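Encoded as structure tokens, the structure appears first; notes follow it.
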Amino acid sequence: IVTALADPEPRPRLIDRCLVAAYDAGLEPLLVLTKSDLAPAATLLESYGTLGVRYVVTSREELADGAAADRVRERLPGRTTAFVGHSGVGKTTLVNALVAEDRRRATGHVNAVTGRGRHTTTSALALPLPGGDGWLIDTPGVRSFGLHHVDPARVVQAFPDLVPGTEGCPRACSHDEPECALDQWVADGHADPARLYSLRRLLATRERREGD
């Protein structure tokens, strides 16, 4: 999940929705925060601390000189990795630094008036990592991200400390209702209340439209 810390501004709602989709599909998310020279990463990272999401923080200079790619590359061997995020956050720039020169794609710029990136990448494309040790999938900038297909029971599997507490939940529990057994599970000291709050925050994004 590639997100700029500024220019364009970060959109936590999109990050949440991407995390929900990743957890639902059994994927391992990685948060890549770009343009740290324009804004600090601490505040955004704090809101995801209880989720234990892995992250890499990069600056524009590091994207340009390859240092950012080196740190991201350490996480990629043997994997198929999809880069998602809004236009202008640096997805394609990062992908280009990770693949062979003859595989690189065109990049664009952020509009100074709207603060949004231009959709230079218009199709998803899978590209091999040098040496054949994995694949990268570059995707167009996200404008909307639907989650109606997501099953809350699959998302909660990403919270192993909460899973046992769901055994007392009513059938088809949304995990955010008065009868949810997770409230008592946390009250009894089996899990950190912040973890339950984080789970419910993510699940709540299923019911909202991602337009911010």
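The values are calculated or read from the model by the stated rules, or taken from the named source; none is laboratory data. Note that the structure is predicted; figures quoted are calculated from it, not measured. Positions of Cβ are backbone-derived with ideal geometry, glycine not excepted, and every protein chain shown enters the neighbour counts. Only protein heavy atoms, including side chains, enter the accessible area calculation; ligands, DNA and RNA are left aside. Shrake-Rupley method; radii C 1.70, N 1.55, O 1.52, S 1.80 Å.
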Neighbourhood net charge (12 Å Cβ-Cβ; Lys/Arg +1, Asp/Glu -1) for Thr80: -1
Residues with amide H under 5 Å from that of Thr81, placed H, sequence gap 5 or more: Trp135, Leu136, Ile137
Relative contact order (%) - segment 1-102, alpha-carbon pairs under 8 angstrom, separation at least six: 34 percent
√(5λ) per eigenvalue of the Cα gyration tensor, segment 1-110, largest first, Å: 21, 17, 13
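Which whole-number percent is the relative contact order of the chain (Cα, under 8 Å, 6+ apart)?
Dividing the mean separation by the residue count of the chain yields 22 percent.
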Solvent-accessible heavy-atom area per residue, rounded to whole Å², over the chain at 1.4 Å: 52 Å²
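Could you estimate the translational diffusion coefficient of the chain from the Stokes-Einstein equation, with Rh from the Kirkwood formula over C-alpha pairs, at 25 °C and 0.890 mPa s, in whole µm²/s? Spell out each step's value before the answer.
Details: Rh = 18.3 Å.
Calculated translational D: 134 µm²/s.
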Tilt relative to the chain, helix 12-25 - C-alpha long axis, 0 to 90 degrees, to 10: 70 degrees
Percent carbon-and-sulfur accessible area, segment 11-84, ignoring ligands, DNA and RNA, probe 1.4 Å: 52 percent
